[in-house]
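Quick notes on the structure that follows.
The values are calculated or read from the model by the stated rules, or taken from the named source; none is laboratory data. Remember, predicted model here, so these are calculated numbers, not experimental data. Backbone-built Cβ (ideal geometry, glycine too); neighbour counts: all protein chains shown.
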Amino acid sequence: MKEYYELLGISEKATDKQVKDAYIAMKNKYDPGSYEKEDLKKHAYEKTEQITKAFDEIMNARRIDRMKKGESVKDSFDNNGSQNGVVDFDYIEELIRSDDLDTAEEILDGIARENRLPRWFYLKGLIFFNKGWLGEASEFFEAACRMDPQNTVYRQAWERAMWQRSGQFGNPGAESPYGNGTRPLVGCGVCDICGGLLCADCCCNCLGGSFMRGC
């Protein structure tokens, strides 16, 4: 991380505003549109990419650190540095959507217990659900429902986890070829019937008889 600060020419103790100011100054300095020669323009593009990556890495690291402490993750240059103690669960949910489950879980586990609101339990359940751990997911979804019983999103997530945990597929009540919203684990099509008859015939032959005579 130290190299990113050095790239922007600032100290690791710099405020969010100082980080942003340094980033803007460097981007203006290496604006590709300011160069006519192709080699200089190419160098400016490369430098701009490095600067942007440095800024993103620094601010992301600070955002994660604040969320672990249960603080606001709003950048100080956007809210004048006020800290209202609100955790940015939207950011955590975005991590889950992008399948960065380890980072999301690390942040959630680092949040102080007094800041573990119903959505904390919902997101924790969502992580387990995406990992395929339906039992754990059901427990956390259920906890979120108990804390906020009017929330339909939590309720639907819990019902979906329980539905799939029972051996079904998709969501409860979803349309399926069977017409009643369920998808049984064992089918009963023509192939299943033929397979059953063949098995029965083999059993009968073993016992000295024949279940399917003339076949």
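Let me spell it out: the conditions are (1) exposed (fewer than 15 other Cβ atoms within 10 Å of the Cβ); (2) charged (D, E, K, R); (3) modelled with pLDDT under 85, and K13 meets all of them except one. Which number is the exception?
(3)
Provide a single number: the residues in the stretch 36-57 that are over 33 Å from the mean Cα position of the chain (by Cα) and of a type in the set (D, E, K, R). Please lay out each step first, then the result.
Just the residues of the stretch 36-57 that are over 33 Å from the mean Cα position of the chain (by Cα), to begin with: 36-44.
Next cut, of a type in the set (D, E, K, R) only: 36-39, 41-42.
Within the stretch 36-57, residues that are over 33 Å from the mean Cα position of the chain (by Cα) and of a type in the set (D, E, K, R) number 6.
Confirm whether F77 is touching an Asp or Glu at 6+ places or on another chain (Cβ under 7 Å), at pLDDT below 85 and surrounded by 13 or more Cβ atoms within 10 Å (Cβ to Cβ). Please lay out each step first, then the result.
On the way: touching an Asp or Glu at 6+ places or on another chain (Cβ under 7 Å): yes; at pLDDT below 85: yes; surrounded by 13 or more Cβ atoms within 10 Å (Cβ to Cβ): yes.
When the stated conditions are applied, F77 passes them.
Of these, E105, E93, which one is modelled with pLDDT of 85 or more, in the same structural domain as G125 (by TED's automatic domain parsing), crowded, with 18+ Cβ neighbours inside 10 Å and out of contact with any strand residue (DSSP E or B) (no Cβ under 6 Å at 6 or more places or on another chain)? Before you say what the answer is, go through the steps one by one.
On the way: E93 fails: crowded, with 18+ Cβ neighbours inside 10 Å.
Just a single option satisfies the conditions, and that option is E105.
Filter the stretch 104-131 for residues that are more than 25 Å from Q164 (Cβ to Cβ) and part of a helix (DSSP H, G or I) and give the result.
E106, I107, G110, R113, E114, N115
State whether the residues of the stretch 108-131 include one that is polar (S, T, N, Q), at pLDDT below 90 and not assigned by TED's automatic domain parsing to the domain that holds Y23.
Our first condition is that a residue be polar (S, T, N, Q); within the stretch 108-131, this holds for 115, 130.
Pick out the ones that are also at pLDDT below 90 and you get 115.
Next cut, not assigned by TED's automatic domain parsing to the domain that holds Y23 only: 115.
So far as the stretch 108-131 goes, yes, one or more of its residues are polar (S, T, N, Q), at pLDDT below 90 and not assigned by TED's automatic domain parsing to the domain that holds Y23.
Name the single residue that is farthest from the chain's Cα centre (by Cα) among those in the stretch 1-35 being in a loop (DSSP other than H, G, I, E, B) and of a type in the set (D, E).
D31
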